[in-house]
Amino acid sequence: VDVAMPDLEVRLLLEAIFDRFHYDFRSYAMASLKRRLSQACNRLGVTTLSGLQERVLHEPESFSMLLQYLTVQVSDMFRDPEFFLTLRTRVLPVLATYPSIKIWCAGCSTGEEPYSLAILLHEEGLLDRSIVYATDINAQALREAAAGVYPLVRLRGFTENHRRAGGRNSLSDYYHSAGASSQSAIFDPALRRKITFSDHSLATDSVFSEVHLVTCRNVLIYFDHELQTRALRLFAEALIGRGFLGLGSKESLRFSEAAPFFEDFALPERIYRKRSAA
Amino acid sequence: MTRGFDLVVVGGSAGAIDALRVMLSRVPADFPSAVAIVIHIPADGPSLLPQVLAIPGGPPMKVAEDKEPIVPGTIYFAPPDYHLLVESGHTFALSLDERVHFSRPAIDVLFESAAAAYGDRLVGIILSGGNADGARGLRAVSDAGGMTVVQSLESSEMIAMPAAALQAAPNSIEVNVAGLAQLLRRGDEVQSA
């Protein structure tokens, strides 16, 4: 199946998925969605989107596989170290003035970002009075995130990012080998205890808590313009007055109607601040 | 043959910067189409291509942003480490999906999405490069009725990419470096004689 698939077939498939499984991809950015659907068709051995639709409606395990294609994002711990360095030096000092700190990591995938945030909070002496809400629509990714286990081969990159993010300790202080002959590392359960992983959809769910900082990085690029604005409105609603919003390094508010809710705080790092009147 | 186009997509890797410099050197400030360019570059660090390739008095050049409307007369570059895609509403989109031909940005990703969005109002140009990225994309441009151009093998520093592109889209026009300079020279049309 090539990516020249008709939009009509895509829309029919997404309607069917929403109706049957209550996952709403109807407002995802179409171009990258088509590529993912094409890959899923190849993997499942079907030649049309109609064929894919029949498979997922009649074989639920096929839907689980499709869901992985549609949702799983690969991230790294401390991805874009300058972002985390700026959180450390400019945002956390402001958050430290509150008696308790709540952070919403929206679209946390397999957990690299919430663990990075927990480590950052620990190093700045704030973890004890903080909660990180980490949400995603992919239950399997959330289970992996909650386990806090990552392949050792990825740790070298994580370690370098952490160092560049101004890490005060060695990253190895926060994990140990998952077993004698294991090729994986497990992160400190003390970090895990400050993170609440839960299922939440930016497309269909509403605000669940008031928070001081929202991070939602490299998620909005997969949404269309309307859904992006819906998500940004949710963030504005969840944030306290003068709360912070962190986006991915190539995301911005420039093309969104939700832009007036926020002002620039650290533009190169894509950190925004909610306007007091918003 | 001359025809009007709304978008020109360009892809290349090793050896493409020199070809690109020549190709862009004659683009007039009032060039009526948008141009979107994917060159394989290292994932870390900012994209310096708009500065490196800037032409005094030429059209504006910038790194494309997510959800940015595609404006005629502007030359856009894919940001490092992101795929650049075109949506049917003629806006750009970015993605961090897996690499294609070990590349992100990948030429195939830009070209295939642009073909779906622009159909026969599209020109695809493949320059010098060392792998087969872009071949599938150029085929998609051709299948959608767009015009396809490939840098000639004799003038390419690395031939793997143009050779694969010619094989995938055999009706492509082959041009040497001098021809590249002529290609986007006129304000009202892409030259393809």
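Tabulated data for the structure shown
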read-out	value
Length gained when the stretch A:Q183-A:R156 is fully extended (0.36 nm per residue, less Cα-Cα span)	8.4 nm
Distance in nm between pseudo-label sites at B:L48 and B:R99 (7 Å out along the Cβ direction from Cα)	2.2 nm
Assigned charges on the beta-carbon of Lys, Arg, Asp, Glu; the protein assembly as shown dipole about Cα centre (debye)	900 debye
Residues whose placed amide H lies under 5 Å from that of B:V63, excluding near-sequence neighbours	B:F77
Global form of chain B, assessed from the alpha-carbon gyration tensor, a/c cut-off 1.5	rounded
Whole-number D in µm²/s for segment A:120-278 (Stokes-Einstein; Kirkwood sum over Cα pairs; 37 °C, 0.692 mPa s)	189 µm²/s
Share of pairwise Cα separations in segment B:38-150, more than 23 Å, in percent	25 percent
Residue-count net charge about A:L245 - beta-carbon cut-off 13 Å; Lys, Arg +1, Asp, Glu -1	+2
Rg to Rh, two decimals, where segment B:127-177 supplies the alpha carbon set and Rh follows Kirkwood	0.94
Tail fraction, Cα-Cα pairs, chain A, threshold 34 Å, whole percent	23 percent
Candidate aspartates and glutamates for bridging to B:K67, where Cα separation is under 16 Å - those fewer than 8 sequence places away on the same chain excluded	A:D224, A:E226, A:E251, A:E257, B:E87
Net charge dipole size for chain B [Lys, Arg +1 and Asp, Glu -1 on Cβ; Debye, nearest 20]	360 debye
Segment A:162-278: relative contact order in percent, alpha carbon pairs under 8 Å with at least 6 residues between	20 percent
From phi via Karplus (6.51, -1.76, 1.60), per-residue ³J(HN,Hα) for segment A:77-91 in Hz, x at Gly/Pro	5, 6, 4, 6, x, 4, 4, 6, 4, 6, 4, 5, 8, 10, 8
Residue among B:L53, B:I70, B:L84 farthest towards the positive dipole end of segment B:53-108, charges placed on Cβ	B:L53
Rounded to 10°, Cα long-axis angle of helix A:49-58 versus longest principal axis of chain A	80 degrees
Among A:H58, A:L33, A:T86 the positive-end extreme of the charge dipole of segment A:28-93 (Cβ point charges)	A:T86
Listed residues A:G246, A:G45, A:G166, most fluctuating in chain A (Gaussian network, C-alpha, under 10 Å)	A:G45
Cα principal axis extents for segment A:55-183, largest first, Å	54, 37, 24
Sequence-distant residues sharing a close amide H with B:V9 (under 5 Å, placed H)	B:A36, B:V123, B:G124, B:I125
Relative contact order (%) - segment B:18-171, alpha-carbon pairs under 8 angstrom, separation at least six	18 percent
Excluding exposed DSSP-loop GluC sites (Glu not before Pro) (at most 14 other C-beta within 10 Å), longest clean stretch of chain A	A:1-209
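All of the numbers you see were taken from the coordinates with simple rules; none came from a lab. Being a predicted model, the structure only gives us computed values, none of them experimental. No Cβ is skipped: glycine too gets one built from the backbone with ideal geometry, and neighbour counts run over all protein chains shown.
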